[in-house]
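No lab work stands behind these numbers, since they all come straight from the coordinates. Keep in mind the model is a prediction, meaning the values are calculated, not measured. Backbone-built Cβ (ideal geometry, glycine too); neighbour counts: all protein chains shown.
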Amino acid sequence: MGEVLRAVGVVCVVLLAGCVGFGANSESTPTTTGESPTTTAQPTTEPTSGPTTETTTTQPTTETATQSTTEAWSTPQPPNKPFENKLEEGVTNHIESVEVRDSGESVELRIAANTSLRNIDPPEHGTVRGEPFFLVYANGSLTNESRYDPRFYIATGSPVQRSSELRFEQNGTFTLTVPQAAFEAADTEAGEVELLVVLFDKDSQWDDVYGTATVNATYTPDE
């Protein structure tokens, strides 16, 4: 009987030890639930930018300048003088004809000419290439400047229109308009007026004459 009681006591001690061990293991094992742990989001610091300034770039408008010989007129630049009259040296007149296409308060001229002046200048004058232009005089004429050299001339009368540099054309046709302002600056009286058209080649020292023509036009100023 005594051995039975000792055996029961040993079993009880073993069972108690197992319970104590089981409890310790349960506390050391973390409990896992189905919910994810809550994470506290740290505030995101975004760089502070200043006010946005938008710059609008406007491209310049390029307009093609159209020379109006009627509205915009100024006293023509005179030629470099005295100028050489190449016609006196046997050069063929490069102006074939001048036609008055319109008369009135302004006069429109249609000029047929050979403006192809290639390799005509000595190199020491800048370039061998010619630079042709027309100059129109009211009641003008060409006069010999020096009795010692028949080549050198000047033009009398009032310059009323000058063209820009002309393109090279063997058989070119060009239009020039002499406005009322030009006639007024030349003190031109109403009625018939003689216009002298000269084809020049621009030169560094004196300009050269390569063609001349005269034409009569009727000037009727707008009162």
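Quick notes on this structure:
- Annotation note: trypsin sites (Lys or Arg not before Pro) in region 146-223 located in DSSP loop regions with a Cβ neighbour count of at most 13 within 10 Å are 147, 167.
- Using the Cβ of residue 150 as centre and a radius below 15 Å, the other residues enclosed give a net charge of -3, where K and R count +1 and D and E count -1.
- Rounded if a/c under 1.5, otherwise prolate or oblate - region 175-219, Cα gyration tensor axes: prolate
- For region 170-221 and region 81-106, distance of Cα centres in Å: 8 Å
- Loop-resident chymotrypsin sites (Phe, Trp or Tyr not before Pro) (DSSP state other than H, G, I, E or B) in region 128-173 with no more than 10 further Cβ atoms inside 10 Å of their Cβ: 148.
- Shape of region 80-194, Cα gyration tensor, a/c cut at 1.5: oblate
- Remark: spin-label model distance residue 80-residue 144 equals 2.5 nm, labels positioned 7 Å along the Cα→Cβ axis.
- For residue 80, neighbours were defined as the other residues whose beta-carbon sits under 9 Å from its Cβ, and their charges (Lys and Arg +1, Asp and Glu -1) total 0.
- Overall, the anisotropy analysis places region 82-123 in the prolate class: the square-rooted eigenvalues a ≥ b ≥ c of its C-alpha gyration tensor yield a/c not less than 1.5, with a/b exceeding b/c.
- Our summary gives region 83-219 a relative contact order of 35 percent, counting only alpha carbon pairs under 8 angstrom and 6 or more residues apart.
- Distance (nanometres) between label positions extended 7 Å along Cα→Cβ at residue 218 and residue 156: 2.8 nm
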